[in-house]
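The values are calculated or read from the model by the stated rules, or taken from the named source; none is laboratory data. Remember, predicted model here, so these are calculated numbers, not experimental data. Here the Cβ positions follow ideal geometry from the backbone for every residue, glycine too, while neighbour counts run over all protein chains shown. Side chains are part of the model used for accessible areas, which takes the heavy atoms of the whole protein and leaves out ligands, DNA and RNA. Shrake-Rupley method; radii C 1.70, N 1.55, O 1.52, S 1.80 Å.
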Amino acid sequence: MTKNILVTGASRGIGYQISTSLAQQDHNVIAVARSKKELKKLRNAFPDNIDFFQVDLTSTQQLDELAKYLSESISGIDVLINNAGALINKPFMELSRSDWQHMLDVNLMSVINLIKSAVPVLNKGSHIVNISSMGGFQGSDKFPGLTAYSVAKGAVSILSECLAEELSEQVISVNALCLGSVQTKMFKTAFPDFEADVSPEEMGTYIADFALNGSTFYNGKVLPVALRNPS
């Protein structure tokens with residue numbers, strides 16, 4: 001059955017590959033990101049299956065415009081994949097208030113605000129997949145310079161557990177995937193000398209499959225998706 005799927009951070013990396021994988025399976029994808037040029041490129045590759053909406057998810061005004069678009073133009077959403085994120089690699093003592101605010105705004109508050117906007121148009125039985133990080137997975141190895149990023153992603157993990165309970169009466173499942181090393185631009189920023197084991201294409205395909213099928217087996221779970229930690 002064809003599903004309507006909203007993917008954030010869809011203009012590059014893992015989000016681009018998630019969108020591509022879903023479109024190849026003939027699902028309808030609403031690709032969301034800040035880069036209109038890259039979104040157009042994605043839509044042009046799959047004109048029958050991908051629509052896009054350019055938005056900065058940290059902007060209340062733009063988020064309201066997205067919410068209006070979803071309510072007026074989409075006949076219900078079956079899957080929401082919160083993939084958009086940002087990373088700052090800086091020692092804890094050098095992190096400014098604005099650094100912390102940026103990490104929380106992009107990695108946590110944008111997820112919270114988008115979910116609140118999307119819930120009214122989520123279909124019964126829908127699945128919210130929040131992309132977290134092994135840096136935000138309790139008990140995992142932690143790395144200098146990634147404190148603000150890891151704290152924000154850890155909050156996303158807890159948010160997912162809480163929302164699974166909050167939204168259960170509406171038959172909406174919520175899970176978090178804590179990703180390990182994937183060879184993206186963001187990963188190279190964090191670990192410039194490390195080669196990841198997994199490509200964006202491989203991870204994008206996995207997340208797409210989990211988004212479609214994972215709620216059959218999981219709800220309110222924070223799941224590690226990693227082969228090893230950078231060292």
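Annotations
- Cα-based helix-to-principal-axis angle, 147-166 vs the chain, degrees rounded to 10: 40
- C-alpha long axis of helix 200-213 to longest principal axis of the chain, angle in °: 50
- Linear extension gain, T2 paired with S199, 0.36 nm per residue minus alpha-carbon span: 68.3 nm
- A Cβ-based charge dipole, computed about the Cα centre of region 10-169 with Lys and Arg at +1 and Asp and Glu at -1, lands at about 560 debye.
- Inverse of mean 1/r across different Cα pairs in region 104-231, Kirkwood, Å: 15.2
- Using the 1.4 Å probe convention, the accessible area of the chain works out to 49 Å² per residue with neighbouring protein chains retained.
- Set K36/K68; K3/K188; K40/K221; K37/K116; K68/K153; K41/K188 screened for pairs whose C-alpha atoms are more than 30 Å apart: K3/K188; K40/K221
- Nearest-20 debye value, region 109-231 charge dipole, Cβ charges on Lys, Arg, Asp, Glu: 240
- Spatially, region 77-129 and region 1-73 are offset by 16 Å when compared through their Cα centroids.
- Of all accessible heavy-atom area on region 172-214, the percent that carbon and sulfur account for (1.4 Å): 53
- Relative contact order of the chain, defined on C-alpha pairs under 8 angstrom at six or more residues apart (%): 21
- Per-residue extension of 0.36 nm, minus the Cα-Cα distance of Q25 and M93, leaves a gain of 19.8 nm for this segment.
- Inter-part distance where region 150-165 and region 197-219 are each reduced to a Cα centre, Å: 18
- Within a Gaussian network of the chain (alpha carbon springs, distance under 10 Å), most fluctuating of K221, K188, K153: K188
- The fraction of accessible area contributed by carbon and sulfur in region 16-119 is 46 percent, rounded to a whole number (1.4 Å probe; ligands and nucleic acids excluded).
- 0 to 90° range, to nearest 10: angle between helix 13-24 axis and the chain longest Cα axis: 30
- At an R0 of 25 angstrom, the distance between the Cβ atoms of E161 and K37 translates into a FRET efficiency of 0.10.
- Stretch gain in nm, segment K142-E72, where the contour uses 0.36 nm per residue and the Cα spacing is subtracted: 20.9 nm
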